[in-house]
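Here is the structure we will look at.
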Amino acid sequence: MPWNKNVSFWILGGISRLTRNFPGLKKDVVVHKIGNQAKFKIRANTSDRLIISEVWELREYNDSSDLAIKPDYNVVVIGAQIGVYTTLAAQKAYRGKVYSYEPFPESFALLKENVAFNGLKNVRAFNVAVSDSIKKKILYVSSSNTGAHSLFPDNTKRKLEVKTTTLAKVISDNKLKQIDLLKMDVEGCEYEIFLNASDKTLKKIRRIIMEYHNHIVPGMKHTMIMKRLNKAGFEVKDKGYFMQRELLKTGFIEAIKR
């Protein structure tokens, strides 16, 4: 994608992030189609539509040919939301498997519906959050963004208890010899996951594409994750735009095992 077009999309995406999920608008479930490629049940007047745009139109998680999903890949999606990236991954890894983790019950229900809606047979979905421990934690539910629920407190009024697991347990429970691609968007929990992951766990992962959030957990910056992954044998790149990092405090990390 040309640089100027990419920046234009980022600006529009930033505006949408700040204005999505307008209070008072009814959130019926509607169907959104991506040509003849995929179709999704989404919550109307929410950020679900923007997430489709980020994954399928802006290709935010498909910037590098090194991260292209191949037919035999095992893909793990942490923070799967309603299954937008899961669907893309399952179509591409049609001889492999996709393991998707989403803790918010409403989004998880749509994730399962969208997997069935698209006729996908190679997806296993789990109504669990991935964190640094196996226990129950509080999920803080964003009232303004269906993709921003987090295990870290904010000023939201709604919260609920969810089960959590670890990256090591994801690997062992699914008997994975390796994760060919790990895709992650976990609203600040990336620090707990990666900074507490052992070398043994990280050795099982070949490629990572993830969104980072520098504004959620005090004292935590994405460079800490980059250093940890580099130490574990990954070639690491910060793919965030300068304005994205400075204004929204978010961006993307790509990591490929050397």
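Bear in mind that the values in this text are calculations on the coordinates, not laboratory data. Computed from a predicted structure; not experimentally measured. Virtual Cβ from ideal backbone geometry, glycine too; neighbours counted across all protein chains shown.
Of the DSSP H helices in the chain, those with a Cα length along their own long axis of 15 Å or more and a mean Kyte-Doolittle hydropathy reaching 0.0 comprise 3-19, 105-117. Across the cross-link table entries Lys175/Lys231; Lys183/Lys203; Lys135/Lys169; Lys92/Lys121, which are compared at the Cα atoms, the separations over 20 Å belong to Lys175/Lys231. Based on C-alpha pairs under 8 angstrom that are at least 6 apart in sequence, the stretch 49-173 has a relative contact order of 20 percent. Using every pair of distinct Cα positions in the stretch 60-257, the Kirkwood expression returns a hydrodynamic radius of 16.9 angstrom. Whole angstrom only: what separates the Cα centroid of the stretch 206-236 from the Cα centroid of the stretch 125-177? Using only Cα atoms, the two centres lie 18 Å from each other. Counting 0.36 nm for each residue step from Asn127 to Lys175 and taking away their Cα separation leaves a gain of 15.4 nm.
Dipole size of the chain about its Cα centre, with +1 on Lys/Arg Cβ and -1 on Asp/Glu Cβ: approximately 580 debye, rounded to the nearest 20. Cβ-Cβ distance of Ala44 and Leu195, R₀ of 25 Å, FRET efficiency by 1/(1 + (r/R0)^6): the value works out to about 0.10. Dividing the convex hull volume of the alpha carbon atoms of the stretch 29-89 by its residue count gives 93 Å³ per residue. Taking the stretch 60-120, how much of its Cα-Cα pair set, in percent, is spaced more than 16 angstrom apart? Value for the stretch 60-120 (Cα pairs over 16 Å): 42 percent. Bridgeable aspartates and glutamates around Lys227 (alpha carbons under 14 Å apart, same-chain partners fewer than 8 residues away excluded): Glu190, Asp199, Glu235, Asp238, Glu254.
Taking only C-alpha pairs under 8 Å that are 6+ residues apart, what is the relative contact order of the chain in percent?
14
Taking amide hydrogens as placed 1.01 Å from N in the peptide plane, the amide H of Ser100 sits under 5 Å from those of Val77, Arg124, Ala125, Phe126, each at least 5 positions away in sequence or on another chain. Under a 5 Å amide H cut-off, with hydrogens placed 1.01 Å from N, Gly251 pairs with Tyr212 among residues at least 5 apart or on other chains. Name the most mobile residue of Gly119, Gly240, Gly79, meaning the one with the largest mean-square fluctuation, in a Gaussian network model of the chain with Cα contacts below 10 Å. In this elastic network of the chain, the residue with the biggest mean-square fluctuation among Gly119, Gly240, Gly79 is Gly119.
Over all other residues within a Cβ to Cβ distance under 13 Å of Asn230, the charged ones net out to +2, with Lys and Arg as +1 and Asp and Glu as -1. Estimated at 0.36 nm per residue, the fully extended path between Arg158 and Asp66 surpasses their Cα-Cα distance by 29.1 nm. A Gaussian network model of the chain, with springs between Cα atoms under 10 Å, assigns the largest mean-square fluctuation among Lys157, Lys121, Lys135 to Lys157. With unit charges on the beta carbons (Lys and Arg positive, Asp and Glu negative) and the dipole taken about the Cα centre of the chain, which residue among Val29, Ser143, Tyr94 sits farthest to the positive side? Positive-most Cα among the choices belongs to Tyr94. Its alpha carbons give the stretch 126-207 an Rg and a Dmax of 13.6, 41 Å.
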